[in-house]
Amino acid sequence: MRDIFGNPFRPVAFSPSWRTSTAVALASQMYESREFSAMPILADALQDAGCDSADVLSHCRAAGAPHVRGCWVVDLVLGKT
């Protein structure tokens, strides 16, 4: 459930400046293909864009964590509400 909703007790502020063309392209590709093996690469792209949110970066880099369409980080990158 946390992959889709995140932690409801610790909402994450997401800066629009983190939506670089690379981050959006990676998130879009994962969303469309439903294949999320590039999540650690998305974390790198977000970090390169200035993301310093431990919640966002650790979610993307969580080894073995299941990710599904509707992942809260991917949705934030794509601007979905």
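Among the residues of region 66-81, write down those that are assigned to a loop (DSSP other than H, G, I, E, B) and either closer than 12 Å to SER28 by Cα or touching a helix residue (DSSP H, G or I) at 6+ places or on another chain (Cβ under 7 Å) (or both).
Here is the first cut: in region 66-81, the ones assigned to a loop (DSSP other than H, G, I, E, B) are 66-71, 79-81.
If the condition is that a residue be assigned to a loop (DSSP other than H, G, I, E, B) and either closer than 12 Å to SER28 by Cα or touching a helix residue (DSSP H, G or I) at 6+ places or on another chain (Cβ under 7 Å) (or both), then PRO66, HIS67, VAL68, ARG69, GLY70, CYS71, GLY79, LYS80 are the ones that fit.
Name the residues in region 61-81 that are over 11 Å from VAL12 (Cβ atoms), under 8 Å from the mean Cα position of the chain (by Cα) and not charged (D, E, K, R), would you? Walk me through how you get there before you give the answer.
Here is the first cut: in region 61-81, the residues over 11 Å from VAL12 (Cβ atoms) are 61-71, 74-75, 77-81.
Among the residues that remain, those that are also under 8 Å from the mean Cα position of the chain (by Cα) are: 71, 74-75, 77.
Matches in region 61-81: CYS71, VAL74, VAL77.
Out of PHE14, PHE9, report the one residue that is in a loop (DSSP other than H, G, I, E, B), at pLDDT below 95 and crowded, with 18+ Cβ neighbours inside 10 Å. Lay out the reasoning, then the answer.
Values: PHE9 fails: crowded, with 18+ Cβ neighbours inside 10 Å.
Within the list PHE14, PHE9, the selection yields PHE14.
Only one of SER58, SER37, SER28 is at pLDDT 90 or above, within 13 Å of the chain's Cα centre (by Cα), exposed (fewer than 13 other Cβ atoms within 10 Å of the Cβ) and assigned to a helix (DSSP H, G or I); which? Walk me through how you get there before you give the answer.
Working: SER37 fails: assigned to a helix (DSSP H, G or I); SER28 fails: exposed (fewer than 13 other Cβ atoms within 10 Å of the Cβ).
It is SER58.
Does ASP55 satisfy the criteria of being of a type in the set (D, E, K, R) and in contact (Cβ under 8 Å) with a residue 24 or more places away in the chain? Break it down into steps so the answer makes sense when it comes.
Values: of a type in the set (D, E, K, R): yes; in contact (Cβ under 8 Å) with a residue 24 or more places away in the chain: yes.
The answer is yes for ASP55.
Only one of these conditions is not met by ASP44: (1) surrounded by fewer than 21 Cβ atoms within 10 Å (Cβ to Cβ); (2) over 16 Å from PRO16 (Cα atoms); (3) modelled with pLDDT under 95; (4) not basic (Lys, Arg). Which number is it?
Failing condition for ASP44: (3).
The values are calculated or read from the model by the stated rules, or taken from the named source; none is laboratory data. All of these numbers come straight from a predicted model, not from anything done at the bench. Neighbour counts run over all protein chains shown; Cβ positions are idealised from the backbone, glycine included.
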